[in-house]
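Q: Could you have a look at this structure, given as structure tokens, before my questions?
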Amino acid sequence: MIAPRRLLVLLLGSVGLAALLFPGAALAHGIVGRADLPIPVWLFSWTAAIVLVVSFVALSTLWLTPQLQDEHRRRLFRVPNPLEWLLSAFGVGLFGVVVYSGFAGAQVTNANFSVTFIYVIFWVGIPVASVLFGDVFRALSPWRSCGRAIGALLRLARRGRPGRALLQYPHRLGMWPAIAAIVGFAWLELVYVERDRPSTLAALSLGYLLVMMAGMGLFGVDAFLEKADGFGVYFNLLSKLSALVRGEDCSLYLRRPLSGVTSLKIGPGTVGFICTMIGTTTFDGFSNGGIWRNNEASLQSLFADLHFNMTPALELAYSTGLVLSILFVAGVYRVGIIGVRSVSDRYDTATLTDSFAHTLVPIAFAYVLAHYFSLLLWQSQAIVYLSSDPLGSGANLFGTSGYQIDYHVISYAGIWYVQVAALIGGHVSGLALAHDRALVLYKDPEEAVRSQYWMLAVMVAFTSFGLWLLSAVGT
């Protein structure tokens, strides 16, 4: 077995070598223009590796008993029912605006409410809100609100008698429908050439609502949405990182940060869903980098040689990259678990895979925040003027149609500091969760620490790769 000291030296050396091999300047997502860094990229990589290693040493010497397996909830206040109804109505209203503006508004990307709302507020803003404030999407979800409203009407027609779902949701199906939904949305965002057409987004949004309604009608509202609604599952997973949680008694509770994710129930497709979360964001960054841009033509030509037209060939090339990115993330995690398995034969690979899956959730959020921070910070401001003119017709409903996006709210260097802090914080959080779970699985603290050498390697790999993705964009 490799000695811990030697392993740490090898890890630091490999990270430094990777950083020296890929020292390109950075272009953050959503920025027009190159960001000049005050500190070289290789120094950021070394800093990230050192922070992770120091964190691991601190965890192994100071964190000797599990701290995150219990949420330690403290009640804050009860959420009034009228507020829940108001949020539900607001979510349904927003959905109506998105669909209506997509169909009836100007078919111009920057002038239509639907495009900015879906790709910025919904896809990026709600994950951030979920980590800060808990599972806000559960209250806002238009399909959940519609399903519950129809269910209430049916109970009223039956004079208060609850109805039974027509079918029981198949356990084997698990979260695979949710995976399909997230991969489908990622394909729409990153691959499909008509991704920015408002009418297309409106039609897909309406179609997704109909699918959710059909599923809820067959399997029940909660039984179906908790497994098959890709967006609901995604936002709920991230909300488990939050210090705020809504209890079954409709009260808001304060809990230890990160403790909510330790109780994650692992079923069919759960691990694959988390890897998909990371893999889709990974491909978004990689597809904007020089390596992909320099080779995508060759991959496109490969499909063109199979008698596909140029546009389908390009979409197939990007689809291949998307799938490979997800498999790459799953492969890295698999290698880490195999390494943990080599330390002790106490648990099999399947058990360890499920036991440590929750440690990837902070990494998924770190990748989202690091990659989309500038997009959220700047492009979300467009909602101010789009809310006054959602159709792009020249209206000024709230007097804000003349608002201009402020691109000076933060410097390029400030963006990079936030991105690097997000990556390091996310992976240190993942390492803390892994160490805490190891203390539960392995009663001997020394054995628990040895099992985490491989998880440290996984965290360093994800951190370094995430930094490289940010630095390689546009090079």
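Q: Pulled fully out, how much extra length does the chain show between His72 and Arg346, if you take 0.36 nm times their separation in residues and subtract their Cα-Cα distance?
A: My answer for the length gained is 95.7 nm.
Q: Which residues make up the longest stretch of the chain that has no GluC sites (Glu not before Pro) in a DSSP loop with at most 15 other Cβ atoms within 10 Å?
A: 249-475
Q: Right, something else. Could you order Ile182, Ile424 by accessible surface area, starting with the largest, using a probe radius of 1.4 Å? If you can, show how the numbers build up before the last one.
A: Values: Ile182 5, Ile424 25 Å².
Ranking Ile182, Ile424 by accessible area, largest first, yields Ile424, Ile182.
Q: By Kyte-Doolittle mean hydropathy of at least 0.0 and Cα axial length of at least 15 Å, which whole DSSP H helices of the chain are selected?
A: Taking the DSSP H segments of the chain (at least 15 Å long, mean hydropathy at least 0.0), we get 4-21, 41-62, 81-104, 142-157, 176-190, 198-219, 270-286, 310-343, 361-374, 412-441, 453-472.
Q: Among (1) -0.61, -1.23; (2) -0.75, -1.31; (3) -0.66, -1.37, find the value of log10 I(q)/I(0) by the Debye sum over Cα atoms at q = 0.09, 0.13 Å⁻¹ that was calculated from the structure presented, and write down its label.
A: The value computed from this structure is option (3).
Q: Also, quick follow-up: Around Ser325, with a cut-off of 14 angstrom between Cβ atoms, what is the net charge of the other residues, counting Lys and Arg +1 and Asp and Glu -1?
A: Working: positive: none; negative: Glu189, Asp284, Glu296.
With Lys, Arg at +1 and Asp, Glu at -1, the net is -3.
Q: Which value, in debye to the nearest 20, gives the size of the charge dipole of the chain about its Cα centre, when Lys and Arg are +1 and Asp and Glu are -1 at the Cβ?
A: 1320 debye
Q: Multiply the residue gap between Val108 and Asp305 by 0.36 nm, knock off their C-alpha separation, and tell me the result in nm, one decimal place. Please list the in-between numbers first.
A: Details: separation 197, 0.36 × 197 = 70.92 nm, distance 3.39 nm.
So the chain would gain 67.5 nm between Val108 and Asp305.
Q: Starting from the amide H of Tyr347, placed 1.01 Å from N in the peptide plane, find each other amide H under 5 Å away whose residue is 5 or more places distant or on another chain.
A: Those lying under 5 Å, H to H, from Tyr347: there are none.
Q: Name the shape class, rounded, prolate or oblate, that the alpha-carbon gyration tensor gives for region 173-227, where a ≥ b ≥ c are the square roots of its eigenvalues, rounded holds for a/c under 1.5, and otherwise prolate holds if a/b is larger than b/c and oblate otherwise.
A: Taking the square roots of the gyration eigenvalues as a ≥ b ≥ c, region 173-227 is oblate.
Q: Taking the Cα centre as origin and putting +1 on Lys and Arg beta-carbons and -1 on Asp and Glu beta-carbons, what dipole magnitude results for region 290-349, to the nearest 20 debye? Mind dumping the intermediate values first?
A: Numbers: 4 positive and 5 negative charges, 51 e Å.
It comes to approximately 240 debye.
Q: May I pose another question? Per the helix-only calculation at 222 nm, which mean residue ellipticity applies to the chain, given -39500 (n - 2.57) for every DSSP H run of n ≥ 4 and division by its residues, nearest 500 deg cm²/dmol?
A: One gets -21000 deg cm²/dmol as the mean residue ellipticity at 222 nm.
Q: Another question, then. To the nearest 20 debye, what charge dipole does region 335-475 have about its Cα centre, counting +1 at the Cβ of each Lys and Arg and -1 at the Cβ of each Asp and Glu? Show your work: numbers first, answer last.
A: Numbers: 5 positive and 9 negative charges, 20 e Å.
Charge dipole, region 335-475, about its Cα centre: 100 debye, nearest 20.
Q: Put +1 on the Cβ of each Lys and Arg and -1 on the Cβ of each Asp and Glu in the chain; which of Val136, Gly247, Leu299 then has its Cα farthest toward the positive end of the dipole?
A: Checked the options; the winner is Gly247.
Q: For the peptides 414-423, 272-281, what is the packing order when you average, over each peptide's residues, the other Cβ atoms within 10 Å and list the highest mean first?
A: 272-281, 414-423
Q: Want the number for Leu204 to Leu154: 0.36 nm per residue separation, take away the alpha-carbon distance, what's left?
A: That works out to 15.2 nm of additional length.
Q: Now for a separate question. Can you send over the carbon and sulfur percentage of the accessible area for the chain, probe radius 1.4 Å, protein chains only?
A: Values: 14300 of 22000 Å².
Answer for the chain is 65 percent, counting heavy atoms of protein chains only.
Q: Moving on. Cα centroids of region 289-314 and region 327-386: how far apart, whole angstrom?
A: 29 Å
The values are calculated or read from the model by the stated rules, or taken from the named source; none is laboratory data. Just so it is clear, the model here is predicted, and its values are computed rather than measured. FYI the Cβ positions are ideal-geometry reconstructions off the backbone, even for glycines, and counts take in every protein chain you see. Protein only, heavy atoms only, side chains kept; ligands, DNA and RNA dropped before computing areas. Shrake-Rupley method; radii C 1.70, N 1.55, O 1.52, S 1.80 Å.
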